[in-house]
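Here the structure is laid out as structure tokens; the discussion comes afterwards.
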Amino acid sequence: MNTDFLEKHQGVVNALKGLVAVVVIVGILAALGIFKKAAMSINIEDEVFMVSYEDEVVIQFGKEELRSAEIVTSFDMGNAINAVSEDKYTVGIWENDAWGQYMLCVKNALECYLVVTTETDVFVFNYESKDTTESMCSALLAW
């Protein structure tokens, strides 16, 4: 009797097998990070500028706090205080002679950096490309 049931419902059984295969493939791709969100993101909300890394805000300053923004193509990173460096990104608190302690969030392959100074902090970051980073600097200066 079980074989009669399977024969009558072979289309449903095949569809379920296909669905299971799709679920397994999606699970493998997710495990490999294919659907992973971008590691770094920029957001402006209620006149607050934020840079996030792995969904955690690492740089944040208000419009009224902004004192300067400039592009540099190289700088002395100094020493890591509390930082992580991976293949694509370096993020954390650093200290050098020029700025003292500062927050860094950069894409390693990109040799264009936006240095933002606020009333109390220095932030160094870049985003996506040289052009995007330079445009962001212009936008912050006009903000």
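The values are calculated or read from the model by the stated rules, or taken from the named source; none is laboratory data. What you see is a predicted model; the values in this text were computed from it and never measured. FYI the Cβ positions are ideal-geometry reconstructions off the backbone, even for glycines, and counts take in every protein chain you see. Protein only, heavy atoms only, side chains kept; ligands, DNA and RNA dropped before computing areas. Shrake-Rupley method; radii C 1.70, N 1.55, O 1.52, S 1.80 Å.
Of the numbered conditions (1) at pLDDT 70 or above; (2) open to solvent by less than 100 Å² (accessible area, probe 1.4 Å); (3) of a type outside the set (Phe, Trp, Tyr); (4) within 22 Å of LYS130 (Cα to Cα), ALA38 satisfies every one except a single condition; which is it?
(1)
So that you can scan it fast, the table gives a plain yes or no per residue for (1) modelled with pLDDT under 95; (2) within 19 Å of THR133 (Cβ to Cβ); (3) touching a Leu at 6+ places or on another chain (Cβ under 9 Å):
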position	(1), (2), (3)
ALA30	yes, no, no
ILE42	yes, yes, no
GLU45	yes, no, no
GLU56	yes, no, no
ILE71	no, yes, yes
ASN82	no, no, no
TRP94	no, yes, yes
ASP97	no, no, no
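Which condition number does ASN96 fail, the rest of (1) open to solvent by 70 Å² or more (accessible area, probe 1.4 Å); (2) free of Cβ contacts under 8 Å to residues at least 40 places away in the same chain being met?
It is condition (1) that ASN96 fails.
Evaluate the following for VAL84: is it in a strand (DSSP E or B) and over 13 Å from MET136 (Cβ atoms)? Full working, then the answer.
Working: in a strand (DSSP E or B): yes; over 13 Å from MET136 (Cβ atoms): yes.
Yes: the conditions hold for VAL84.
Which of the residues spanning segment 103-117 are over 18 Å from GLY92 (Cβ atoms) and in contact with a strand residue (DSSP E or B) (Cβ under 9 Å, 6 or more places away or on another chain)?
Within segment 103-117, CYS112, THR117 qualify.
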